Amino acid sequence: MTPAPDRAAPPPDTPAPATAAHAAARAYRPALRDGVLLSPPLLRGPRTVHLLKHPVTGAAFEAGVKEHFVISRLDGTRNLDDLAPEYAARFGRRLAEDNWNLLLGLLGTRGLLAGAPDPPPPAPAPQRANTFWRGTRRMVADADATTSRLHRVLRPLLRGAVQLPLLAAVLVMVLTLALHIGELLDGTAELIRQPVVLAAVALFLWFSITVHELAHGVAAQQYGGHVAEIGLRWRFPAAMLYCTVDNYLFIPGLRAKLVVAGAGAYINMLLLLPFGVWWFVLPVDDPTRSLLAGLLLLGSVQGLSNLVPLPPLDGYRMLGHALGTAHLAPETRTYLALRGSRGRAEATATYPGRARRIYTAYGIGSAVLLLLAVAGTCTVVLLLLK
């Protein structure tokens, strides 16, 4: 939602008549409401924006760079005359009084200023009715409290002294499995021929997906995030748990955002670690080794594929965080469509150089990744059918 576009301040205005109301407006020292969240700068199309989130209704709004400069300084100690020199030093032109009043009016009507009443909550997005074939259902009344309790239980295990050795062990396992890819493919072919064992593996992988989702919520709690919903999503014949972190863009620090987004894939690989050790220590001729190899290949594909930077996978969010972008895929499609239009030079003239490089590179990279995924899938299927 965009309450106010990023407007350049107009040239200095002719001073208005000095009235009591005018003087009071200039002396007003507004403060943001407690709990309002401000995001770091995000590239969205040709613009750089910041997000603001209401602490009660959860409504989110976009603000431009100039607006954010002012909003981030509303702490109850500054008025227009205090901010005007800072604004002029930053943007090379004065902050017009009309723009100041307009911005404060927008913030007030949206309940973002201290003392302002809460606006009505945003209308819920239209939901498709649940059917036998597809739907979603909330499973937990208070998802944030549930993940908070889980986080308190697991907190001793989240320390670096515990996680760094586990992360190193996971990386060693992935490298070892990559060096034995032929054995893993043979083991997967053997696993497919044993339906009872295959069903047990499928159940384990489904459990791994459930833990994957909860891992996002626990990681968000570790860094002060908020979990909005835990529920069940089904697309017949598959059904899986989901966990929605609704303020991950406002979590401070790039590392924290990357950890929250990558926690699911990491826990998937961590669950495979005991099976990887078991597989590694078994004799080569042990029949259990081939079945474990199949489990390790299927589990690794499930976990590591989430790191591919394509929507809606976790890797896509991680790349967006790393690049500082919002809506990377749709904005890339918009930019490439403009480049393919007749007046492309004029249509893309407002895009800064960084935006052009990012959207072009992501468009090319996405196409390459899709081709590689199709080719890799076809190759694996052919090898398993031999």
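With n ≥ 4 as the cut-off for DSSP H runs, can you work out [θ] at 222 nm for the chain, using -39500 (n - 2.57) per run divided by the number of residues, rounded to the nearest 500?
Details: 14 runs with 218 residues, N = 386.
The helix-only estimate for the chain comes to -18500 deg cm²/dmol at 222 nm.
Taking N as the number of residues in the stretch 20-109, what is its alpha-carbon radius of gyration divided by 2.2 N^0.38 Å? Kindly include the intermediate steps, with their values, before the conclusion.
On the way: Rg = 13.5 Å, N = 90, 2.2 N^0.38 = 12.2 Å.
So the Cα radius of gyration is 1.11 times the expected 2.2 N^0.38 Å.
Please tell me the relative contact order of the chain in percent, rounded to the nearest whole number, where contacts are Cα pairs under 8 Å and at least six residues apart.
Working: 494 pairs, mean separation 61.6, N = 386.
Reported as a whole number, the value is 16 percent.
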Sorted by Cβ density within 10 Å, fewest first, the residues W279, W133, W206:
W133, W206, W279
At the level of C-alpha centres, the distance separating the stretch 28-48 and the stretch 200-229, in angstrom, is 30 Å
For each of S72, S148, S300, count neighbouring Cβ atoms within 10 Å of the residue's Cβ, then give the residues from fewest to most.
S72, S148, S300
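Sorted from fewest to most neighbouring beta carbons within 10 Å, what does the list T379, T332 look like? Mind dumping the intermediate values first?
On the way: T379 11, T332 22.
The fewest-first ordering by Cβ neighbours comes to T379, T332.
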Using only the alpha-carbon atoms, how far is helix 353-385 inclined from the longest principal axis of the chain? Give it as 0 to 90 degrees, nearest 10.
20 degrees
Any chance you could check the Cα centroid distance between the stretch 234-279 and the stretch 73-141 for me, in angstrom?
31 Å
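Any read-out appearing in this document is the output of simple, stated calculations on the displayed coordinates, not a laboratory observation. The structure presented is a predicted model; accordingly, all values stated were derived computationally and were not measured. Don't worry about glycine lacking a Cβ; one is built from the backbone with ideal geometry, like all the others, and counts go over all protein chains shown.
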